[in-house]
Every structure is written in C-alpha cells, then in structure tokens.
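For reference, the structure is listed below as structure tokens.
The values are calculated or read from the model by the stated rules, or taken from the named source; none is laboratory data. Here the structure is a predicted model, which is why all the values come from computation and not from measurement. For neighbour counting, all protein chains shown are included, and Cβ atoms are generated from backbone atoms with ideal geometry for every residue, glycine included.
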Amino acid sequence: MQYLLETKGLTKVYRETGENLEILKNVNFQLDEGCIAVLTGASGSGKSTFLNIVGALDKPTAGSVFFNGKEMSKFSRREVNRFHRKNLGFMFQFHHLLSEFTALENVMMPAGIDRRNESESRKRALELLDVVGLSERTKHLPRELSGGERQRVALARALMNSPGLIIADEPSGNLDEKNATTLRSLILELNKKFRQAFLIATHDAQIAEIATHRWVVAHGNISAYQ
Ligand SMILES: Nc1ncnc2c1ncn2[C@@H]1O[C@H](COP(=O)(O)OP(=O)(O)O)[C@@H](O)[C@H]1O
Ligand SMILES: [Mg+2]
C-alpha cells in the first residue's frame, strides 16, 4: 500500500542548553490521496514541528518521511527544492504574501520559479483567484486586502503548481468567524471538486468537522481519532 504521505518512526529532538526536548517520538502517520487530514493538540505539542518536517522545511532526528512511496531523506537538496515546487503547497497562520507584489503576482510566484510560460501562469493564477472569489482584487497589494482576502490569496498561491498536498499550519488562526467559515468552505470545495489533499494543523473545531481523517498530537505521539 502506497500512501500520499507516510512517516515511519519519525522522531524529533531539540537540543536546548544541554537538555534534550523530545517533541516527536516514533511517529507513524499515513495520509491517502484526496484526504483532508486535521492535526489538533495543545499549543506546544509539536504540530508545527511535524508539518515542517513532512513539508521538508526541517529534518527529523530519526525516522523517515515518504511521499508517494519515495523516501525524502534520500533526496539531495536540489531534489528537495524541486520536489517542493512540484508537490507541495503551503499556508501559514500569517499569509506570508510579498508586500510589494499584487495579488495576481503573488499567486503567480511559485510558477515563476519554475520559469513556466508566463501567459499560461497568468491565466491559471486568474482562474485560481476566481475560485477563491477574488476576481475583483487581482491588482490589489496585500495591504489593500482584508485579512480574509489575504488568506484566500495565500490559498490560491498554494494551489498554483497543482500540488499533491497542501500543508496548512493554523490557516484560520488569525481570521474572524465569518472569514474562517469562507476558508473552510473553500477547502471543502477544492477537496470535493479536485480531490485536493490537505494536511491542516488547527484549533478550529469546524475545520476538524470537514476533515476526512483526524489526528491528535500529545506527549510526542500522533494518534488517529474519530
Ligand atoms: N527550533 C526549536 N528549538 C527548540 N525548541 C523548539 C524549536 N521549535 C519548537 N520548539 C519546541 O517544540 C515544542 C513544539 O513546538 P511546535 O511544534 O511549534 O508546537 P505547536 O505547533 O503544536 O504549537 C514547543 O515546546 C517548542 O517550544
Ligand atoms: Mg504551531
């Protein structure tokens, strides 16, 4: 059985001032294509640590991460970068949009790195901005958008390269209830229409409701729950 994402014996230890902080202990996690997996757990339990490792932004102390059956630690730095652009989209609590660029340019950014055909990229970025309900805001700079709109631009950007998986770390953590609801509906719609897979760390009980799979992070373990 090949999973979209799988970890085996994943362990992360931070070494702080001579003390070892074991944040993840021997974590075995699986995620299938087309799923919305949600990670909950107290603040400081290790959710971001886990997402950063499976997103290849950080390295595990021990254990392995497999994406479509391929072991990521066997990749060279260059392969990891390429893998990133082709397979992963990211969303964070704060949008991380580039402030000097318009919504459209921000969405196009991941394609730009791959030097894809510019007019093709523009067309796709415009379609994605339409999907997230921002056709009227394509020329706005991030500071000219509301918090909810910025997060939707970040979602469109995460979708730009048609990634197999979008990794989202508290994507609604900074939104009011109305905007959080809009974001949740979009995630659900993208999942239903395009089988877009998501791995989301969240405190938002309503995001947990739309999840197909739920996991809780506690005491270094990640366990599935219903
Ligand atoms: N770079 C680091 N060095 C040392 N400790 C860290 C580092 N990053 C996170 N931690 C610690 O690891 C624990 C888990 O953090 P984190 O993964 O951010 O939790 P969560 O996202 O669930 O709130 C926390 O106790 C945090 O202080
Ligand atoms: Mg976190």
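Taking the condition of being assigned to a loop (DSSP other than H, G, I, E, B) and within 21 Å of residue 184 (Cα to Cα), how many residues in segment 96-117 meet it? Lay out the reasoning, then the answer.
Let us first name the residues in segment 96-117 that are assigned to a loop (DSSP other than H, G, I, E, B), namely 96-102, 114-117.
With the extra rule that they be within 21 Å of residue 184 (Cα to Cα), the set shrinks to 96-97.
Selection size over segment 96-117: 2.
Just to be sure I understand, how many residues within segment 46-89 are assigned to a loop (DSSP other than H, G, I, E, B), within 16 Å of ligand 1 (Cβ to nearest atom) and either small (Gly, Ala, Ser) or closer than 16 Å to residue 164 by Cα (or both)?
Looking only at segment 46-89, we keep the residues that are assigned to a loop (DSSP other than H, G, I, E, B), and these are 46, 55-61, 68-69, 75-76.
Right, trim to within 16 Å of ligand 1 (Cβ to nearest atom) and you get 46, 55-61.
Restricting the remaining residues to those that are either small (Gly, Ala, Ser) or closer than 16 Å to residue 164 by Cα (or both) gives 46, 55-56.
So the answer is 3.
Please state which of the following conditions residue 72 fails to meet, knowing it meets all the rest: (1) surrounded by 15 or more Cβ atoms within 10 Å (Cβ to Cβ); (2) more than 16 Å from ligand 2 (Cβ to nearest atom); (3) at pLDDT 90 or above.
So residue 72 meets the others, but not (3).
Which residue pairs have Cβ atoms closer than 9 Å, lie 6 or more positions apart in sequence or on different chains, and pair a first residue in segment 14-31 that is under 15 Å from residue 47 (Cα atoms) and hydroxyl-bearing (Ser, Thr, Tyr) with a second residue that is near ligand 1 (Cβ under 10 Å from one of its atoms) and modelled with pLDDT of 95 or more?
Taking only residues 6 or more apart or on different chains, the pairs are 14/23; 14/49.
Just to be sure I understand, how many residues within segment 1-24 are within 13 Å of ligand 1 (Cβ to nearest atom) and out of contact with any strand residue (DSSP E or B) (no Cβ under 6 Å at 6 or more places or on another chain)?
Adding up the residues that qualify gives 5.
Could you grab me the full set of residues in segment 197-207 that are more than 16 Å from ligand 1 (Cβ to nearest atom) and in contact (Cβ under 8 Å) with a residue 40 or more places away in the chain?
Scanning segment 197-207 gives 197, 198.
Return the residues of segment 25-45 that are of a type outside the set (A, V, I, L, M, F, W, C), within 12 Å of ligand 1 (Cβ to nearest atom) and part of a strand (DSSP E or B); say none if nothing qualifies. If you could, list the steps in order and put the result at the bottom.
Step one: list which residues in segment 25-45 are of a type outside the set (A, V, I, L, M, F, W, C), which gives 25-26, 28, 30, 32-34, 40-41, 43-45.
Filter once more, keeping what is within 12 Å of ligand 1 (Cβ to nearest atom): 40-41, 43-45.
Passing the criteria: only 40.
Taking segment 57-69 only, how many residues are under 18 Å from the mean Cα position of the chain (by Cα) and surrounded by fewer than 20 Cβ atoms within 10 Å (Cβ to Cβ)?
The total comes to 5.
Output the number of the condition that residue 12 fails; it satisfies all remaining conditions of (1) within 18 Å of residue 163 (Cβ to Cβ); (2) within 16 Å of ligand 2 (Cβ to nearest atom); (3) touching a Pro at 6+ places or on another chain (Cβ under 7 Å); (4) part of a strand (DSSP E or B).
(1)
So is residue 199 touching a helix residue (DSSP H, G or I) at 6+ places or on another chain (Cβ under 8 Å) and either surrounded by fewer than 20 Cβ atoms within 10 Å (Cβ to Cβ) or assigned to a loop (DSSP other than H, G, I, E, B) (or both) or not? Talk me through it step by step, then tell me what you get.
Values: touching a helix residue (DSSP H, G or I) at 6+ places or on another chain (Cβ under 8 Å): yes; either surrounded by fewer than 20 Cβ atoms within 10 Å (Cβ to Cβ) or assigned to a loop (DSSP other than H, G, I, E, B) (or both): no.
For residue 199, the condition - touching a helix residue (DSSP H, G or I) at 6+ places or on another chain (Cβ under 8 Å) and either surrounded by fewer than 20 Cβ atoms within 10 Å (Cβ to Cβ) or assigned to a loop (DSSP other than H, G, I, E, B) (or both) - is not met.
Quick one: is residue 120 without any contact (Cβ under 8 Å) to a residue 12 or more places away in the chain, over 20 Å from the mean Cα position of the chain (by Cα) and either in a loop (DSSP other than H, G, I, E, B) or closer than 24 Å to residue 83 by Cβ (or both)?
Details: without any contact (Cβ under 8 Å) to a residue 12 or more places away in the chain: yes; over 20 Å from the mean Cα position of the chain (by Cα): yes; either in a loop (DSSP other than H, G, I, E, B) or closer than 24 Å to residue 83 by Cβ (or both): yes.
Judged against the criteria, residue 120 is a match.
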